[in-house]
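Asker: Below is a structure I'd like to ask you about.
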Amino acid sequence: QHQRQQQQRHPLQQRTLAQISSSSSSTTVAVRRRTTIIDAGSGAGNLAIPLAACLLETMEDEIEILAIDTNEFALQRLSERAETMPIVGKNIRTLAADLADVNSILGHIPSENDVVVVSLHACGAASDYAMNLAHVRDAPFVVCPCCTAKSLTKREDSTRNDTTKNNNASFQRSGATSEITYPRSKWLNDVLNSNDADAEYAILAKVADVGLGPQTPSQQRGHQRRAKHIVELDRLAYSSSREYGYETGLVRVRRHDPTVYGKGEMLLGAKGGSVAAGVFGDLLLE
């Protein structure tokens, strides 16, 4: 009966469940002691709640999840869902904040805690801000990006001063401030035309989302996947630069059907030589 229920799930549900499962598994192996897991762009808790349940089975007193989103309505829904599961919900905190407000966010985390950053479907530049949060604390990250082209929208830095009023709009949450530039890495900057790298990257990001012009479904998926790989490798190359010194890997979500949904990439990163880097390295060899 359970297998029959799984088969009857809508493709969107199957894809989301697979991404949650993969994110939870990758995060579990990176946690070793008292740790704050930042769920960046948490929404209503589709990752935070199952992740808390997964981790608390063996680490009830060692883990807390800080769910961050600019949308207070989504955070309220998360809290309501968590209240129905007291054992799980007691270790989940919510914070209404802009992911660009790094210092403010880290101020809500005990300095003695380890940090892990996770993000599922943080659109556009929100995924880059999630990775930046990790960089500041030399923390491992597990990020499943979404909607690449939304990062091309520029927003005013001043919107960070009024989170709930200005950033609930999708283009504000996913747009980049002046602190985030594309391409992210020197590698892709060097590959693209240096005189027009911005425009060439914009084309790449749009193809990663919707493919190229008139084409067959298989051609569209092929173009999307290749472009998406380049965009995500660019993000990882930025983390691997000498400035940050991360060991990184790009993997596909388990049980992901690319004919249903073309974006199944998951980005793993950890400071070179760290325990988490070793664990992630073992995962990449499986």
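The values are calculated or read from the model by the stated rules, or taken from the named source; none is laboratory data. Please read all numbers here as calculations on a predicted model, not as lab measurements. All Cβ positions, even for glycine, are placed from backbone atoms using ideal geometry, and neighbour counts span all protein chains on display. Side chains included, ligands, DNA and RNA excluded: accessible areas come from the protein's heavy atoms. Shrake-Rupley method; radii C 1.70, N 1.55, O 1.52, S 1.80 Å.
Asker: Need pairs with beta-carbon distance below 9 Å; first residue assigned to a helix (DSSP H, G or I) and within segment 63-86, second modelled with pLDDT of 95 or more and β-branched (Val, Ile, Thr); sequence gap 6+ or separate chains.
Answerer: As it stands, the answer is 72/94; 75/68; 75/94; 76/94; 78/94; 79/94; 82/94, since those pairs meet every condition given.
Asker: Filter segment 87-105 down to residues that are without any contact (Cβ under 8 Å) to a residue 24 or more places away in the chain and closer than 24 Å to residue 134 by Cβ and give me whichever is surrounded by the fewest Cβ atoms within 10 Å (Cβ to Cβ).
Answerer: 103
Asker: Scan segment 131-151 for residues that are part of a helix (DSSP H, G or I), open to solvent by 10 Å² or more (accessible area, probe 1.4 Å) and within 16 Å of residue 100 (Cα to Cα) and report the count.
Answerer: The qualifying residues number 4.
Asker: For the condition touching a Lys or Arg at 6+ places or on another chain (Cβ under 9 Å) and modelled with pLDDT of 90 or more, what is the one hit in 124, 89, 107? First the steps, then the outcome.
Answerer: Values: 89 fails: modelled with pLDDT of 90 or more; 107 fails: touching a Lys or Arg at 6+ places or on another chain (Cβ under 9 Å).
Answer to the selection: 124.
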